[in-house]
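To start, the structure under review is shown below, and the notes come after it.
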Amino acid sequence: MRKFLVVLDDSRECLNAMRFAAMRAAHTGGGVQILSVVPPDEFNHWIGVGDIMREEARERIHAHFEVFAKWMRDKQGIDPELVIREGEAVPEILAQIREDNDIGVLVLGAGTDKKGPGPLVAQLSKSSGTLPVPITIVPGELSKERLEAVT
């Protein structure tokens, strides 16, 4: 089964990327894999404190994931899978794609502010010609109705 890989983070554009991935998966018989990457600098503390912070980060990710997962299950009939990795975002995204041969499309949300589309879109689009899967970039301001129409 082809999976749509979507990145879970705290950005506003993440919502549209999640919606798009779930709707496309539902319409094409695919699945959704949600990847959250925790930066390593969040845990550069004493060992005990770092372990506590790591566990708290995982709990936040699971809570955030469950909001999206419930919507995907209830509205799209998709049961997404969660993957949590630690490291720098772009190398971890690429590693996940290489390690899971079922991933067929990377779905990213584009930011809408004047700074540009966001660091992931900017970095990954530069190397898009050499990626093993296509990237779908979902505009952050696309309405829910328009998303439904294009999926």
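Figures for the structure shown
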item: Cα-based helix-to-principal-axis angle, 14-28 vs the chain, degrees rounded to 10; result: 50
item: Using alpha-carbon coordinates, inclination of helix 89-99 to the longest axis of the chain, degrees; result: 70
item: Spin-label model distance (nm) - His27 vs Arg60, 7 Å beyond Cα toward Cβ; result: 3.4
item: FRET E, pair Asp51, Thr136, Förster distance 22 Å, beta-carbon r, rounded to 0.05; result: 0.05
item: Cα-based reach from Lys70 at 26 Å (exclusive), listing lysines while leaving out same-chain residues under 8 positions away; result: Lys3, Lys144
item: Gyration tensor (Cα) of the chain, equivalent ellipsoid semi-axes in angstrom; result: 25, 18, 16
item: Student exercise, the stretch 1-124 dipole from Lys, Arg, Asp, Glu Cβ charges, in Debye to nearest 20; result: 660
item: Net charge of Cβ neighbours under 13 Å - reference Val138; Lys, Arg +1; Asp, Glu -1; result: +2
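Bear in mind these aren't lab numbers, they're just calculated from the coordinates by the rules spelled out. These numbers come from a predicted model, not from an experiment. Positions of Cβ are backbone-derived with ideal geometry, glycine not excepted, and every protein chain shown enters the neighbour counts.
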